[in-house]
Amino acid sequence: MTIEGVIVESKSGDGMWGGRFEQGADPLFCAINDSLPIDWRLVQQDIRGSIVWAQALGQVGVLQSDEVSSLTRGLESLSAEAFERSAPPIESGAEDVHTWVEQRLVENLGPVGKKLHTGRSRNDQVATDLRLWTMEVLDQFCLTICEVQASLIELGERTLGFILPGYTHLQRAQPVLFAHWCLAYVEMLERDLGRFAGARATASQCPLGCGALAGTAYPIDRDWIATQLGFDGPCLNSLDAVSDRDFVLDALAACASCSMHLSRMAEDLIVYTSQEFGFVEPDDGVSSGSSLMPQKKNPDALELLRGKCGSIGSAHAAMLMTLKGLPLAYNKDLQEDKSLLFSAIDDLGLCLRIAARVVGGLRVNESACRRSAVRGGTLATELADYLVTKGVPFRDAHEQVGRVVRASIETGVELDQMPIESIQAIASEAGADVAEWLTIDGAVERRSALGGTSQERVREALVAARERLGTHRQPYAKPEVIA
Ligand code: ARG
């Protein structure tokens, strides 16, 4: 196997299928075939599955109870041994994690170790391990997503009265509360939570007991196995069980979507940190300087949130490409699933933690936001709405205000500063009360229908978001250790 370019002597196949082969494996073949450095992460899941499998074999009389006990003890001590290791045991020469566990079991227990694989295949084994790992990691993710939501809610709470310009096409559009911006991303992450829950549900079917492809020849109680391992139930078709990785695809799709949301949030903040905007400033701990330009403070953490989205999204595309042409049932192409899933999960896990950290340390410049929110004709819609209250049909009001805006641009006077006569010259229905109507606070407050940006609606939305957060955090209150 290759570790950073070094080919270690592999025993690929030794003891597993040696009987059929005259020659040992070519080191070059081992370099592409061996997966221990990657699938070592599944060692605890593999051991857990093996303990349940030994018990299931005991239930149907394939193993004696003393053999089940000895295998269980042997596997438990391997679990402790694996926890102790800081790196994959590549010196073992084992092809993959399943081989390592069996190899060590035989070394430690002797012949009884050779009985564990009865009626089982690495095909149902690896699918079981990866599903278990995915379920555990997705549970953890839900907690981490909640942390990002919590930091956004907190930011919204501490900036509740702040108004910034909302944009469409990155052109100033209408004033909105900064907290409303925060809550937009809370909502997106909320749907990501749903996607991860969906991916977890897809993963929660147990392949163990499906053998290589056709099922197992022993009357194993697969429902019992599934329950023991914490699955919702067993996979119902053995060909499907060993060959599909749609649960990986679903998890990667959820990762891609979540990463895309973080990336968009990062992009907003990158724009807002530039001197041209100056709305927000990340704290020094998540920013970097320039080796040449002493004045620079760059939002690198945010840029990396945006940058990582590329590789996370491509992991989903790569998995789809890997799966699309595979004949039933298991094919070795499927081994590629793990590096794609693991690296996407690692990247997104880090991104989520960074996102919570950056948002938590964000300083918002209220006056810069406010100054910008009143410029650029952001009250034009307000003026049109005002004219509607005076009986002008909206289309006519829109046209009149368009001309008022042109006059505002030509004279360089913002709408709320224009003399009433200049407005009336174009929009004759405008009265003396137009001035009090044309404020960004008024514009915000009038958006008081559900989902709008008025203080009251946003305050309610913050409370509701906090409540939801409390319920999400509960089911995952006891995080498990992930190898
Ligand atoms: N390392 C393999 C994988 O990740 C385990 C399954 C091997 N099965 C086989 N028939 N060669 O997919």
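The values are calculated or read from the model by the stated rules, or taken from the named source; none is laboratory data. Everything numeric in this text was worked out from a predicted model, so none of it was measured. Every residue, glycine among them, receives a Cβ derived from its backbone with ideal geometry; neighbour counts consider all protein chains shown.
For Ala56, the conditions (1) of a type in the set (Gly, Ala, Ser); (2) modelled with pLDDT of 95 or more; (3) more than 16 Å from the ligand (Cβ to nearest atom); (4) within 35 Å of the chain's Cα centre (by Cα) all hold with the exception of (4). Residues in the stretch 108-140 that are over 15 Å from Ser50 (Cβ atoms), among the β-branched types (Val, Ile, Thr) and more than 16 Å from the ligand (Cβ to nearest atom): 1 in all. Looking only at residues that are of a type outside the set (S, T, N, Q) and near the ligand (Cβ under 9 Å from one of its atoms) in the stretch 318-332, which one is nearest to Ile32 (Cα to Cα)? Per the stated criteria, the residue is Lys332. The set of residues in the stretch 389-417 that are surrounded by 15 or more Cβ atoms within 10 Å (Cβ to Cβ) and closer than 18 Å to Gln174 by Cβ comprises Ala397, His398, Val401, Val404, Val405, Ser408, Glu414, Leu415, Asp416. Could you tell me whether any residue of the stretch 341-351 is at pLDDT 95 or above, over 20 Å from the mean Cα position of the chain (by Cα), within 16 Å of the ligand (Cβ to nearest atom) and under 30 Å from Asp124 (Cα atoms)? No; the residues of the stretch 341-351 include none that is at pLDDT 95 or above, over 20 Å from the mean Cα position of the chain (by Cα), within 16 Å of the ligand (Cβ to nearest atom) and under 30 Å from Asp124 (Cα atoms). A Cβ distance below 8 Å, combined with a sequence gap of six or more or placement on separate chains, defines the contacts here; from the stretch 430-459, residues that are at positive phi reach residues that are part of a helix (DSSP H, G or I) and buried (at least 17 other Cβ atoms within 10 Å of the Cβ) in the pairs Gly451/Arg457.
Picking from residues in the stretch 286-310 that are closer than 16 Å to Ala266 by Cα and among the small types (Gly, Ala, Ser), the one that is nearest to the ligand (Cβ to nearest atom) is Gly310.
Restricted to the stretch 370-416, and to residues there that are basic (Lys, Arg) and in a loop (DSSP other than H, G, I, E, B), the residue that is farthest from the chain's Cα centre (by Cα) is Lys390.
May I ask you to verify whether Cys206 is over 14 Å from the mean Cα position of the chain (by Cα), within 24 Å of Leu340 (Cβ to Cβ) and of a type outside the set (Val, Ile, Thr)? Considered against the rule, which asks whether it is over 14 Å from the mean Cα position of the chain (by Cα), within 24 Å of Leu340 (Cβ to Cβ) and of a type outside the set (Val, Ile, Thr), Cys206 comes out as yes. Within the stretch 193-209, the set of residues being touching a residue at least 60 places away in the same chain (Cβ under 8 Å) and closer than 30 Å to Gly349 by Cβ comprises Leu193, Arg195, Phe196, Ala199, Arg200, Ala203, Ser204, Gln205, Cys206, Pro207, Leu208.
For the stretch 95-107, the candidate set comprises residues that are acidic (Asp, Glu) and in a helix (DSSP H, G or I); within that set, the residue that is nearest to the ligand (Cβ to nearest atom) is Glu102.
The single condition among (1) in contact with a Gly (Cβ under 7 Å, 6 or more places away or on another chain); (2) within 19 Å of Gln64 (Cβ to Cβ); (3) assigned to a helix (DSSP H, G or I) that Asp129 does not meet is (2).
Among the residues of the stretch 199-241, those that are assigned to a helix (DSSP H, G or I), more than 16 Å from the ligand (Cβ to nearest atom) and more than 15 Å from Val137 (Cβ to Cβ) comprise Arg222, Asp223, Trp224, Ile225, Ala226, Thr227, Gln228, Leu229.
Within the stretch 158-173, residues that are closer than 22 Å to Leu383 by Cα have Cβ atoms under 6 Å from residues that are at pLDDT 95 or above and loosely packed, with under 12 Cβ neighbours inside 10 Å in no pair, counting only partners at least 6 apart in sequence or on another chain. Considering only residues in the stretch 30-57 that are over 17 Å from Ser69 (Cα atoms) and without any contact (Cβ under 8 Å) to a residue 40 or more places away in the chain, the one that is surrounded by the most Cβ atoms within 10 Å (Cβ to Cβ) turns out to be Ala31. Does Ser263 satisfy being within 30 Å of Val60 (Cβ to Cβ) and among the polar types (S, T, N, Q)? Considered against the rule, which asks whether it is within 30 Å of Val60 (Cβ to Cβ) and among the polar types (S, T, N, Q), Ser263 comes out as no. Residue count for the stretch 242-283 under the criterion of being assigned to a loop (DSSP other than H, G, I, E, B) and either under 14 Å from the mean Cα position of the chain (by Cα) or under 28 Å from Gly166 (Cβ atoms) (or both): the result is 8.
Scanning the stretch 72-94 for residues being in a helix (DSSP H, G or I) and either among the hydroxyl-bearing types (Ser, Thr, Tyr) or buried (at least 18 other Cβ atoms within 10 Å of the Cβ) (or both) gives a total of 9.
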